[in-house]
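The values are calculated or read from the model by the stated rules, or taken from the named source; none is laboratory data. Everything quoted here is computed from the prediction, not taken from an experiment. So basically every Cβ, Gly included, is an ideal-geometry build from the backbone, and we count neighbours across all protein chains shown. Ligands, DNA and RNA are excluded from the accessible area calculation, which covers all protein heavy atoms including side chains. Shrake-Rupley method; radii C 1.70, N 1.55, O 1.52, S 1.80 Å.
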Amino acid sequence: MTETTVAATGADTFTVAGQTFSSRLLVGTGKYKDFEETARAIEISGAEIVTVAVRRVNVSDPSQPMLVDYVSPKKYTYLPNTAGCYTADDAVRTLRLAREAGGWDLVKLEVLGDQKTLYPNMPETLKAAEALIRDGFKVMVYCSDDPIQAKMLEDMGCVAIMPLGSLIGSGHGILNPVTIRLIKEQSSVPVLVDAGLGTASDAAAAMELGCDGVLMNTAIAGAKDPLAMALAMKLAVEAGRLAYLAGRMPKKMYADPSSPLAGLI
Amino acid sequence: MQLTVNGEPRTCETGMTVEGLLTSIGLDPRKVAVERNREIVPKSTFVTTALADGDVIEIVHFIGGG
């Protein structure tokens, strides 16, 4: 074993759109009890990229606390999303505003199909991705776990492909590991499982499939103890990644003793 | 003059700028983005962009989301 392995050096970085990060866990900032808990959970998770939504300011109560006062855009890379957008036009409009508000062009595109499933509307997603890329955005795209459409998005110029593991906020984990694996194998840009992860083993499973990272919100914010789950997720992502790099043993039909048979009394 | 700000009617002085509107509401212009009649107003022009009667203004910011 050489001393250049990840175990020895700890060097395992993740690069998206030319920016390099050491954490492969990306987290959302929604659904927490308050901004203090949001900030604490993100800190513990070790995440460096956080997703944020763009919404109207409450003009009747402008003194309300703002996310930026608790989760500093100087410390974290803000990834504005298009949550709640059901058409390409709405998504493009939202991200143009986000770019003006924050000055960043790395964005998370999600165009939803319906309120019950929040499943991606792929025709609108493709349309929005094309318009955003033409407009200079670097698009990380939430999409279905369909390898063909994932390839279309990559060929178009998306900087990361982010298929759902299962429905947003459902906590069902990765329902089709085969398609996630197919997408990972064909992609030359990072692939992140976005949505559906529920617990630490789900995050580890995504990483063991070879994914470059995971993005989650409810799995942490919706846990009974979000801070403990933030740490669990950090460790799970690291463990899953290391297991993937280590290369798991082959599965076998029958038992294979761990103790030598020679010298038995 | 009469504006629509984030979907609500709002009366303000004639000739008010975007910067003036934000300040009158009590918002920090550095923390928001503004759309005027569906066109983005660049932050650098908040001070010089005068509003007109009937303008539809959207003021947004970042909130928690996944």
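Any residue that is of a type outside the set (Phe, Trp, Tyr) and farther than 30 Å from residue A:130 by Cα - is there at least one of those in region A:155-164?
No: region A:155-164 contains no residue that is of a type outside the set (Phe, Trp, Tyr) and farther than 30 Å from residue A:130 by Cα.
How many residues are closer than 21 Å to residue A:218 by Cβ and open to solvent by 20 Å² or more (accessible area, probe 1.4 Å) if we restrict to region A:175-196?
Residues flagged as closer than 21 Å to residue A:218 by Cβ and open to solvent by 20 Å² or more (accessible area, probe 1.4 Å) within region A:175-196 amount to 3.
Every residue, every condition in (1) in contact with a Ser or Thr (Cβ under 9 Å, 6 or more places away or on another chain); (2) aliphatic (A, V, I, L, M), yes or no:
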site: A:47; (1), (2): yes, yes
site: A:61; (1), (2): no, no
site: A:68; (1), (2): no, yes
site: A:84; (1), (2): yes, no
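Going through region B:29-63 one residue at a time, which ones are open to solvent by 20 Å² or more (accessible area, probe 1.4 Å) and either hydroxyl-bearing (Ser, Thr, Tyr) or within 30 Å of residue A:218 (Cα to Cα) (or both)?
B:30, B:31, B:44, B:45, B:48, B:49, B:58, B:61, B:63
Which one is least open to solvent (accessible area, probe 1.4 Å) among residues in region A:71-100 that are of a type in the set (A, V, I, L, M) and part of a loop (DSSP other than H, G, I, E, B)?
Selected residue: A:71.
Only one residue in A:140, A:162, A:156, A:122 is more than 15 Å from residue A:81 (Cα to Cα) and either open to solvent by 40 Å² or more (accessible area, probe 1.4 Å) or within 14 Å of the chain's Cα centre (by Cα) (or both), so which one is that?
A:156
Taking residue B:9 as meeting all but one of (1) at negative phi; (2) surrounded by 10 or more Cβ atoms within 10 Å (Cβ to Cβ); (3) within 12 Å of chain A (Cβ to nearest Cβ); (4) not hydroxyl-bearing (Ser, Thr, Tyr), write down the number of the exception.
Of (1) at negative phi; (2) surrounded by 10 or more Cβ atoms within 10 Å (Cβ to Cβ); (3) within 12 Å of chain A (Cβ to nearest Cβ); (4) not hydroxyl-bearing (Ser, Thr, Tyr), only one is false for residue B:9: (2).
Does any residue of region A:8-26 turn out to be at pLDDT 95 or above, within 20 Å of the chain's Cα centre (by Cα) and within 14 Å of another protein chain (Cβ to nearest Cβ)?
Looking for residues that are at pLDDT 95 or above, within 20 Å of the chain's Cα centre (by Cα) and within 14 Å of another protein chain (Cβ to nearest Cβ), one finds at least one in region A:8-26, hence yes.
Given (1) more than 26 Å from residue A:25 (Cα to Cα); (2) more than 7 Å from chain B (Cβ to nearest Cβ); (3) touching a helix residue (DSSP H, G or I) at 6+ places or on another chain (Cβ under 7 Å), identify the lone condition not met by residue A:86.
The number of the failed condition is (3).
Restricting to region A:147-159, give me the number of residues that are in a loop (DSSP other than H, G, I, E, B) and either of a type in the set (Val, Ile, Thr) or in contact (Cβ under 8 Å) with a residue 60 or more places away in the chain (or both).
Looking only at that region, the number is 1.
Any idea which of (1) assigned to a helix (DSSP H, G or I); (2) among the hydrophobic types (A, V, I, L, M, F, W, C); (3) modelled with pLDDT under 95 is the one residue A:133 doesn't satisfy?
So residue A:133 meets the others, but not (3).
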